[in-house]
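The values are calculated or read from the model by the stated rules, or taken from the named source; none is laboratory data. Since this is a predicted model, take the numbers as computed values, not measurements. Please note that ligands, DNA and RNA were not included when accessible areas were found on the heavy atoms of the full protein model with its side chains. Shrake-Rupley method; radii C 1.70, N 1.55, O 1.52, S 1.80 Å.
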Amino acid sequence: MACKVFTIANQKGGVGKTTTAVNLAAALADQGVQTLLIDLDPQANATSGLGFEKEEGRSIYPALMEDGDATKMIIKTGRKRLSLLPSEVDLAAAEIELSQKENYLGQLAIAIQPIIDSNKYKAIIIDCPPALGMLSMNSLAAADYLLVALQCEYLALEGLGQILSVVDRLHEAGVNNRLEIGGIIMTMFDIRTKLSREVVDEVRENLPDQVFDTVVPRTVRISEAPSFGQTIFEYDKSNPGSMAYKNLGKELIKRFSLK
Ligand SMILES: Nc1ncnc2c1ncn2[C@@H]1O[C@H](COP(=O)(O)OP(=O)(O)OP(=O)(O)O)[C@@H](O)[C@H]1O
Ligand SMILES: [Mg+2]
């Protein structure tokens, strides 16, 4: 089974990366795609968002340090077709320790290869921390596609250039020639404001083929779900946010032939 690796990155904090990683992974799994969510953020929000406690020693960290097998860290989430490679605080040390490695950008690619080779997953989604540090850069070096979560807010386009230019830099440096911009996911769209509409229009104008049709609305239920360890589908199936993430999953399946 060919496996496609998506990384959800944006150096900016609080833009909806984790919310999108969790709910998009759940949407793919719901729609029949064997999916693994990798929590690459020491904050471990994706881990707790799926209802798991941080567990000492259980993360991608040992495998990043070539001191363990990443496949052994994977948890079945109890949801059909959805697995999780959780995070915990140890991962914070990886930012510094990776920079001391000779192959400082390629460690994650090496760490996840056995997972890819296991042939168990059709999609791997990586949730990145809010910085273009070693962890995020490793995810870009390991991924097939970059998905950018972009909040519908003033100056959304600022900063987008920075993350998108990393793709070119990684090509030029020969670090990851496979990496493509998989698309831009507009998050926290506020139907009541003209600003949200204008931001989406502006991003679409600038990057016409990149923005997904589905725009994720801002809803209170989406922000409540993680505190119950639930996806939006579990917490409130009829919420507009459920519909949006379901549709986003459909778009992804179609755009990347995940089925
Ligand atoms: N569509 C939405 N509607 C309402 N609240 C949302 C939505 N998406 C995200 N949020 C809330 O916004 C906050 C930031 O979201 P999230 O944690 O997904 O962002 P992030 O980019 O992963 O943040 P960080 O950079 O810290 O990792 C959270 O409190 C989350 O619940
Ligand atoms: Mg996050």
Of Ala123, Ala29, Ala93, the one that fluctuates the most in a GNM where the chain has Cα springs shorter than 10 Å:
Ala93
Per residue value of the accessible surface for the chain (all protein chains in place, 1.4 Å probe), Å²
44
In whole percent, and with a 1.4 Å probe on the protein chains, what portion of the accessible area of the range 4-255 is carbon and sulfur?
49
At a probe radius of 1.4 Å, what is the per-residue accessible area of Asp117, in Å² to the nearest 10?
100
For the range 4-255, state the semi-axes of the equivalent ellipsoid (square roots of 5 times the eigenvalues of the alpha-carbon gyration tensor), sorted largest first and rounded to whole angstrom.
27, 22, 16
I need to check one value: relative contact order of the chain, counting alpha carbon pairs closer than 8 Å and at least 6 residues apart, in percent.
27
In order through the range 189-194: 3J(HN,Hα) via Karplus (6.51 cos²θ - 1.76 cosθ + 1.60), integer Hz, x for Gly, Pro:
6, 9, 4, 7, 10, 5
Would you please give the residues with an amide H less than 5 Å from that of Glu180, counting only those at least 5 places away or on a separate chain, with H modeled from the backbone geometry?
Tyr145, Leu146
Considering amide H positions built from the backbone, and no H for Pro or chain starts, which residues 5 or more places from Gln210, or on another chain, come under 5 Å of its amide H?
none
Sorted by chain and then number, the residues having a modelled amide H within less than 5 Å of the amide H of Lys4, at least 5 places away or on another chain, are Ala123, Ile124
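Over the Cα atoms of the range 132-226, what is the Rg over Rh ratio if Rh follows Kirkwood?
Working: Rg = 14.7 Å, Rh = 14.4 Å.
Computed over Cα atoms, the ratio is 1.02.
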SASA check, Met1, accessible area w/ 1.4 Å probe, all protein chains in place, rounded to nearest 10 Å², comes out at 100
The chain: antiparallel DSSP beta bridges as a percent of all, rounded to 5:
10
